[in-house]
């Protein structure tokens, strides 16, 4: 269900996948998608993705901001902010700049966080990396 009136900017539209509804395929919007049912496929939302307590996504999610109360199995990319609420379960890769993880949330997989966009594995190399490793070793954080 999408509510849209004439002249409404696409980024302000909220699309809802209601309880009991199942979508198989790709969902794309410039606005927000709220999932209360099930999605098997890719979700791309320009503004936000909200997954309710009974909502589930099996596939990739790519958005600016995400709030998860239900289940996600796949890659979850929230370019700005990710909130995993206490009832959430995420199985897969997570990429975000900022994350809030409530007590009770389940996260199984890998998490990549950074301020600047950079390829995976493009961390510091050379003397800077050696110095950082040495400081962590001195602090007892790594061996």
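A compact table of results
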quantity	calculated
Ratio of Rg to Rh over region 33-116 (Cα coordinates, Kirkwood Rh, two decimals)	0.91
Backbone N within region 45-77 under 14 Å of label point (7 Å from residue 93 Cα along the Cβ vector)	59-62, 74-77
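Every read-out reported here was derived from the displayed coordinates using simple, explicitly stated rules and does not represent laboratory data. Just so it is clear, the structure is predicted and the values come from calculations on it, not from any experiment. Reconstructed Cβ throughout: ideal geometry from the backbone, glycine too, with neighbour counts over all protein chains shown.
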